[in-house]
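The values are calculated or read from the model by the stated rules, or taken from the named source; none is laboratory data. Note that the structure is predicted; figures quoted are calculated from it, not measured. A quick note on method: Cβ atoms are made from the backbone with ideal geometry, for glycine too, and the neighbour counts reach across all protein chains shown. The area values use the complete protein model at the heavy-atom level, side chains included, leaving out ligands, DNA and RNA. Shrake-Rupley method; radii C 1.70, N 1.55, O 1.52, S 1.80 Å.
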Amino acid sequence: MKGIIVSEYERTFKRKKTIIGLIIYCIVLAFECLFLYGMNGLSFYDPEHSVQLNSINTAPFFIREVGIFINFILIPMLVVDSFNGEYTSGALRLVLIRPQARLKLFLAKWVVQASIFLGITIITWITSTLFGRLVMEHVSETTFFHTGKMDAFQGMIYTLKFYSMTFLIFLSVIGLCSLISVIMPNSILAFVGTIGCLVGGVYISDHFVYLLSVSDSIFSVLGGIGQSGFYVSLFLLFFISTILNVVIWKKKQWMG
């Protein structure tokens with residue numbers, strides 16, 4: 001299994017789309033710093049609640065714009081290329097010629113994609129935390145959406161919870177995108193289908209609003225609003241997409 005994962009990492013980082021996508025992500029992250037600085041540290045929890053950023057509360061607000069880019073551009077770009085692009089180009093046939101279980105290859109792809117976006121989540125958290133500490137007004141305590149006052153340590157715990165929940169949303173989007181990728185006949189349809197499902201999820205249920213607005217949903221949940229609907233919908237999306245992924249992956253005629 002280790003060899004399959006290493007091989008998947010090698011194939012992933014040899015693709016131009018992977019390198020280009022990560023470079024664009026770094027540019028988006030830099031622009032987010034400039035944007036918040038240019039706004040004089042003013043942001044908002046939702047359209048009705050603005051907030052002045054400071055050394056403690058800045059980090060979560062990076063996810064507002066960066067999260068949209070990751071959900072709608074970066075995840076579809078990398079996941080579709082891994083789960084559908086190799087099949088469309090014929091590269092997957094060469095991989096499956098080797099005596100290895102299909103399920104192990106699927107798990108390797110999943111592990112690689114999840115680890116990439118875990119790294120992206122951590123880098124975003126580190127960058128946003130340092131930006132807040134070095135650039136924004138230094139304070140000894142602050143508040144978040146529907147919370148009491150927090151000191152620097154409590155604020156850090158809140159931020160860690162925020163980014164942990166962000167990563168769970170990314171995992172669910174990866175699951176949805178990989179499912180669409182193994183169903184669709186080509187990469188373009190898989191990409192368009194993923195975007196359509198992310199937008200359409202809101203029309204299915206208001207609980208799926210985190211697919212469009214990551215930060216607004218997490219602020220609400222951590223503030224004690226809509227917790228059950230958030231966690232149940234997130235679990236169902238991840239669980240159902242994973243089960244269907246495995247079933248279709250094992251039965252599909254990839255060699256055809």
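Points worth noting:
- Charge dipole of segment 104-256 (Cα centre as origin; +1 on each Lys and Arg Cβ, -1 on each Asp and Glu Cβ, all else neutral): 760 debye, rounded to the nearest 20.
- Among the GluC sites (Glu not before Pro) in segment 16-70, those placed in a DSSP loop whose Cβ has at most 15 other Cβ atoms within 10 Å are GLU48.
- Sorting THR242, THR159 on solvent-accessible area from highest to lowest, probe radius 1.4 Å, gives THR242, THR159.
- Legend: distances between Cα atoms for LYS14/LYS109; LYS14/LYS251; LYS16/LYS109; pairs beyond 26 Å are LYS14/LYS251.
- Computed accessible area, LEU34, all protein chains, 1.4 angstrom probe, square angstrom: 110 Å²
- Sum of -39500 (n - 2.57) over DSSP H runs of 4+, divided by residues of the chain (222 nm, nearest 500): -23000 deg cm²/dmol
- The Cα-based radius of gyration of the chain, divided by its Kirkwood radius, gives an Rg/Rh of 1.01.
- Dipole orientation for the chain: of the candidates ASN40, SER55, LEU198, LEU198 has the Cα lying most toward the positive pole (charges on Cβ; Lys, Arg +1; Asp, Glu -1).
- Each label point was placed 7 Å from the Cα along the Cα-to-Cβ direction; for GLU141 and ILE240 their separation is 4.4 nm.
- Carbon and sulfur %, accessible surface of the chain computed with the full protein complex present, 1.4 Å: 71 percent
- Reach of LYS149 by Cα under 26 Å, taken over lysines that are not fewer than 8 positions away in the same chain: LYS161
- Dipole check for the chain: with +1 at the C-beta of Lys and Arg, -1 at the C-beta of Asp and Glu, and the Cα centre as origin, the magnitude is about 1500 Debye.
- Note on the chain: GNM, Cα springs under 10 Å; of GLY132, GLY119, GLY175, the largest mean-square fluctuation is that of GLY119.
- Partners for LYS104 among aspartates and glutamates (Cα-Cα distance below 12 Å; same-chain residues under 8 apart left out): GLU8
- Between SER172, SER128, SER205, the residue with the greatest mean-square fluctuation in the GNM of the chain (Cα pairs under 10 Å linked by springs) is SER205.
- The listed residues ILE204, ILE218, once ranked by accessible area (1.4 Å probe) with the largest placed first, stand as ILE204, ILE218.
- Sorting PHE219, PHE35, PHE235, PHE167 by solvent-accessible area of protein heavy atoms yields PHE235, PHE35, PHE167, PHE219, largest first, with a 1.4 Å probe.
- A straight line joining the Cα centroids of segment 171-249 and segment 8-73 runs 20 Å.
- Å² per residue, accessible surface of the chain at 1.4 Å: 48 Å²
- Annotation: amide H-H contacts under 5 Å for ILE56 (H modelled 1.01 Å from N, sequence separation of 5 or more, or interchain): VAL139.
- FRET E, pair TYR37, LYS149, Förster distance 30 Å, beta-carbon r, rounded to 0.05: 0.75
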